[in-house]
């Protein structure tokens, strides 16, 4: 019997088995302990408390829509609990105090690296499910061309808009460019369009056709959740509510979710995620 496969030969998802929980929590727990040891308990509490509240707030806001989507679907409740737990986990991991080599960097490499580690453990433990359901595979035949046209078009539109914009999008340096094309974007896709979308689609179904892609409530929930993660946060200073960020990143999540659903591959969603961010940098360079 392979890892991630039940005794009956059926591929297991994170909802079907708990064998991934201890390894994932061990990785996250080790990271938290190391950060607390270096930064101190006070620094961890100051960052971890608001992060936990942010995750719980996002879950609470999504709950009515999720419960509506789950009505009449046996077993959906367990899937929602798993998805909610992963949403809370990503909030906590990303807001730990930065220590060591990460402390002097402008971008949150620490949070993204720790998230990559626990996601890698999850996907390795359930590697059959990761390939068949979570998108760690090649795109479906005939889908690569349309997806690449969307990705290139998205890049060009953003680059042109930024090049002729009066807004300041920040300095473009080597660290920013590397952050925009390396694993930070990949971990968001592995979580939101990989693990979460697969869990929710299996539990809630994907009965709709959306520009050739088979989608369902999973696309809606991951898009809204993605937006909330960028515009509804609890900080040390209080509640941060940015409707524009929620709408813009939620719409981006919708496009990324479409790429994932249409092609079947999370790797194409990762390329699509990089497109607008590299476009911003290209636009800044063009007008400098």
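Conditions (1) modelled with pLDDT of 95 or more; (2) exposed (fewer than 15 other Cβ atoms within 10 Å of the Cβ); (3) more than 17 Å from the chain's Cα centre (by Cα), marked per residue:
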{"residue": "33", "(1), (2), (3)": "yes, yes, yes"}
{"residue": "36", "(1), (2), (3)": "yes, no, yes"}
{"residue": "56", "(1), (2), (3)": "yes, no, no"}
{"residue": "59", "(1), (2), (3)": "yes, no, no"}
{"residue": "62", "(1), (2), (3)": "yes, no, no"}
{"residue": "67", "(1), (2), (3)": "yes, yes, yes"}
{"residue": "82", "(1), (2), (3)": "yes, no, no"}
{"residue": "86", "(1), (2), (3)": "yes, no, no"}
{"residue": "91", "(1), (2), (3)": "yes, no, no"}
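On the stretch given as segment 67-91, residues that are closer than 23 Å to residue 20 by Cα and free of Cβ contacts under 8 Å to residues at least 60 places away in the same chain total 6. Yes or no: segment 156-166 includes at least one residue that is in contact (Cβ under 8 Å) with a residue 40 or more places away in the chain, assigned to a loop (DSSP other than H, G, I, E, B) and over 24 Å from the mean Cα position of the chain (by Cα). Yes; the residues of segment 156-166 include at least one that is in contact (Cβ under 8 Å) with a residue 40 or more places away in the chain, assigned to a loop (DSSP other than H, G, I, E, B) and over 24 Å from the mean Cα position of the chain (by Cα). Scan segment 7-25 residue by residue and report those that are touching a residue at least 24 places away in the same chain (Cβ under 8 Å), surrounded by fewer than 19 Cβ atoms within 10 Å (Cβ to Cβ) and part of a helix (DSSP H, G or I). Selection gives 23 alone.
Condition test on residue 73, is it part of a helix (DSSP H, G or I) and either surrounded by fewer than 21 Cβ atoms within 10 Å (Cβ to Cβ) or on the phi > 0 side of the Ramachandran plot (or both)?
On the way: part of a helix (DSSP H, G or I): no; either surrounded by fewer than 21 Cβ atoms within 10 Å (Cβ to Cβ) or on the phi > 0 side of the Ramachandran plot (or both): yes.
Considered against the rule, which asks whether it is part of a helix (DSSP H, G or I) and either surrounded by fewer than 21 Cβ atoms within 10 Å (Cβ to Cβ) or on the phi > 0 side of the Ramachandran plot (or both), residue 73 comes out as no.
For segment 139-148, state whether one or more residues are modelled with pLDDT under 95, farther than 13 Å from residue 275 by Cβ and assigned to a loop (DSSP other than H, G, I, E, B). Checked segment 139-148: no residue is modelled with pLDDT under 95, farther than 13 Å from residue 275 by Cβ and assigned to a loop (DSSP other than H, G, I, E, B).
The values are calculated or read from the model by the stated rules, or taken from the named source; none is laboratory data. This one's a predicted model, so the numbers in the text were calculated from it and none came from an experiment. Backbone-built Cβ (ideal geometry, glycine too); neighbour counts: all protein chains shown.
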